[in-house]
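Down below is the structure, laid out as structure tokens.
The values are calculated or read from the model by the stated rules, or taken from the named source; none is laboratory data. Computed from a predicted structure; not experimentally measured. With ideal geometry, Cβ positions are generated from the backbone for all residues, glycine too; neighbour counts draw on all protein chains shown. Surface accessibility is based on the protein's heavy atoms, side chains included, excluding ligands, DNA and RNA. Shrake-Rupley method; radii C 1.70, N 1.55, O 1.52, S 1.80 Å.
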Amino acid sequence: MTDDPTGATGAAAGHDGRTGHDGPAAAGRLWGVGLGPGDPELVTVKAARLLGAADVIAYHSARHGRSIARSVAAPYLREGQIEEALIYPLTTETTDHPGGYQGAIDDFYAECALRLAAHLDAGRDVVVLCEGDPLFYGSYMHMHKRLAHRYTTEVVPGVTSVSGAAAVLGRPLVERDETLTVLPGTLPAEVLAERLAAADSAAVLKLGRTFTKVRDALEKAGRLEEAWYVERATTGGQRLAPLAEVDPESVPYFSLALIPSPVNAGPAPAGPARTAEAAAGVRPSTGTTTGTSTGTATGTGTAGRTGEVVVVGLGPAGRPWLTPEAQEALAAADELVGYGPYLDRVPPNPRQRRHATDNRVEAERAAHALELARAGSRVAVVSSGDPGVFAMASAVLEVACEPRFSGVPVRVLPGLTAAHAVASRAGAPLGHDYCVLSLSDLLKPWEVVAERISAAARADLVLAIYNPASRSRTWQVAAARDLLLEHRAPETPVVVGRDVGGAGESVTVTTLAELDPAAVDMRCLLLVGSSTTRVADRGDGRRVVFTPRRYPA
């Protein structure tokens, strides 16, 4: 714990470095900040101040990327803060880690500690968010155990879930000489029953998948009729109910069982929280999507670590198109490698080094990434859309097959393709068989491109056409249109999607005969329909393009 009684941040009071004598004098401070049970208004004044002053905000989440802690802290955060999403590699699923579940989680916590240490060593103050109280079954404690002996550290307590549950239930936890017993639902059933039978008041946390076992233990202990179920206390999605009436299938992890003080026992208030929706067991949404911030890259150490290359598909544009798996890989990376404009779509994190290159040096970019990984870095090579579709995955794997890189692990993470993004905006033009091709003749002769266009046209396939034009290639769109018209009707629908997902998004529906090559550039993707593709007016001013699943006999 810190020896600074004022509780001032490092930025305000001056860094006093590590608590030991072997660290740099300018190291940042580590703060474990409790956020309370869920209501942002229950965040303490001190916690709110630290949230706004910190250089780095770190928070845990499952692989879906949503963080309850961040959603509670959101009103107190400011623009320009660095965010570290600590995304659990698994929650309840199985793992092939040699150390099993615990081994995988221990490695995850060790990696998270390294990431936060990189910021602390660079002089940045780090706040780790934690629901409830950081040292009361809190996720923060795993960082505390790994970092508090090395850096000046302070824990800011928060209102616990047990206190929040008692408050919304309107029943005292304990009175006079009573004792309160707090139990995790993960205990064996017989242990739960024994301790519940002997308790005055009790709270059982970590319900979720343990709910049925906890309910059976309460019944065996003769306490089921006294027990209340409290879910997401103090939030807009809170639910209160007699525990015996709750459907086990509706119980999330963030809930608890409470046996309040038996003194003056009476019914809990009905209150606005016990809505018809809550009584029916409807599960409210949890948290908000995590965010990232900007900064200047400074890098991080990777000594003694096994590196790898992860080729990450960013989707066509922006965070909403990014998969949770890709988000996890980007958050964990030490180095980011890619074409400059694609790297610009990944919010900067000064813990990470960024290596931007020109778009025509794919082999060199791949070799650079593999060299970094061979030296121990976790490297994310970014691609727009899906990395396996006219992008970096094949380039990386081609170089990775060279003997010098035989020991470097390579993974490919898919992304939403530009073709699918454009198709979704128009309707469902890819609803039947289709082919994907590129009009670029930089890596293959135009004769091959032309032959494939004609073959797809003869086969009556819908075409998704990438790289239709650029500043130096201006004639291929007209040539492709003429080839298609040899086999397709002039009224064949064509969708021209530009910058889909971006600020300049536009989607135009035209016909093959009316396709204007001058309106097509490198930021466009073309979808050319088949003989069955239809353009329909929905009657509300909206037009949709779709290709029926059924092909005429």
Do any helices (runs of 4 or more DSSP H) lying entirely in segment 382-472 carry at least 3 residues that are free of Cβ contacts under 8 Å to residues at least 60 places away in the same chain and within 20 Å of Val520 (Cβ to Cβ), and which ones are they? 446-458
Just checking, which of Val156, Val191 is open to solvent by less than 10 Å² (accessible area, probe 1.4 Å) and either under 27 Å from Tyr109 (Cβ atoms) or without any contact (Cβ under 8 Å) to a residue 24 or more places away in the chain (or both)? Val156
Answer yes or no: is there a residue in segment 124-135 that is closer than 29 Å to Val45 by Cβ, surrounded by fewer than 18 Cβ atoms within 10 Å (Cβ to Cβ) and in contact (Cβ under 8 Å) with a residue 12 or more places away in the chain. yes
Tell me yes or no: at least one residue of segment 40-60 is in a loop (DSSP other than H, G, I, E, B) and at pLDDT below 95. no
Condition check: open to solvent by 40 Å² or more (accessible area, probe 1.4 Å), at pLDDT below 90, assigned to a loop (DSSP other than H, G, I, E, B) and among the aliphatic types (A, V, I, L, M). Does Ala503 satisfy that? yes
State which residue is surrounded by the fewest Cβ atoms within 10 Å (Cβ to Cβ) when the search covers only segment 506-528 and only residues that are assigned to a loop (DSSP other than H, G, I, E, B) and not charged (D, E, K, R). Ala513
Return a yes/no flag: does segment 529-552 have any residue that is part of a loop (DSSP other than H, G, I, E, B), at pLDDT 90 or above and aliphatic (A, V, I, L, M). no
Hey, Val159 hits all of (1) part of a loop (DSSP other than H, G, I, E, B); (2) at pLDDT below 95 but one; which does it fall short on? (2)
Out of the residues in segment 327-381 that are of a type in the set (Ser, Thr, Tyr) and in a strand (DSSP E or B), which is most open to solvent (accessible area, probe 1.4 Å)? Tyr339
Examine segment 397-408 for a residue that is among the hydroxyl-bearing types (Ser, Thr, Tyr) and surrounded by 21 or more Cβ atoms within 10 Å (Cβ to Cβ), and state whether such a residue exists. no
Selection from segment 192-250 of residues hydrophobic (A, V, I, L, M, F, W, C), out of contact with any helix residue (DSSP H, G or I) (no Cβ under 8 Å at 6 or more places or on another chain) and not in a helix (DSSP H, G or I) yields Ala199
Among what's in segment 495-519 and is hydrophobic (A, V, I, L, M, F, W, C) and within 11 Å of Val545 (Cβ to Cβ), pick the residue that is farthest from the chain's Cα centre (by Cα). Val509
Output for segment 158-204, where each listed residue is of a type in the set (A, V, I, L, M, F, W, C) and under 16 Å from Thr234 (Cα atoms): Val159, Val162, Ala165, Ala166, Ala167, Val168, Leu169
Criterion first (within 15 Å of Gly222 (Cβ to Cβ) and over 38 Å from the mean Cα position of the chain (by Cα)) does Ala197 satisfy it? yes
Is it the case that Lys206 is over 16 Å from Pro262 (Cα atoms) and over 37 Å from the mean Cα position of the chain (by Cα)? no
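Restricting segment 431-473 to residues that are of a type in the set (Asp, Glu) and under 38 Å from the mean Cα position of the chain (by Cα), which is surrounded by the fewest Cβ atoms within 10 Å (Cβ to Cβ)?
So the first thing to find is which residues in segment 431-473 are of a type in the set (Asp, Glu), and the list is 433, 441, 447, 451, 460.
Next cut, under 38 Å from the mean Cα position of the chain (by Cα) only: 433, 441.
Numbers: Asp433: 13, Asp441: 15.
If we take residues in segment 431-473 being of a type in the set (Asp, Glu) and under 38 Å from the mean Cα position of the chain (by Cα), then Asp433 is surrounded by the fewest Cβ atoms within 10 Å (Cβ to Cβ).
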Under 6 Å between Cβ atoms, at least 6 apart or on separate chains: pull out the pairs that start in segment 32-52 with a residue that is free of Cβ contacts under 8 Å to residues at least 40 places away in the same chain and over 22 Å from His142 (Cβ atoms) and end on any residue that is open to solvent by 40 Å² or more (accessible area, probe 1.4 Å) and among the charged types (D, E, K, R). Gly52/Arg78
Hey, Gly103 hits all of (1) crowded, with 18+ Cβ neighbours inside 10 Å; (2) out of contact with any Phe, Trp or Tyr (no Cβ under 9 Å at 6 or more places or on another chain); (3) not acidic (Asp, Glu) but one; which does it fall short on? (1)
Condition check for Ala73: out of contact with any helix residue (DSSP H, G or I) (no Cβ under 8 Å at 6 or more places or on another chain), open to solvent by less than 10 Å² (accessible area, probe 1.4 Å), in a helix (DSSP H, G or I) and of a type outside the set (Ser, Thr, Tyr): no
For His149, only one of the following conditions fails: (1) in contact (Cβ under 8 Å) with a residue 24 or more places away in the chain; (2) surrounded by fewer than 19 Cβ atoms within 10 Å (Cβ to Cβ); (3) under 20 Å from Tyr253 (Cβ atoms). What is its number? (3)
Answer yes or no: is there a residue in segment 172-183 that is open to solvent by less than 60 Å² (accessible area, probe 1.4 Å) and either at positive phi or among the small types (Gly, Ala, Ser) (or both). no
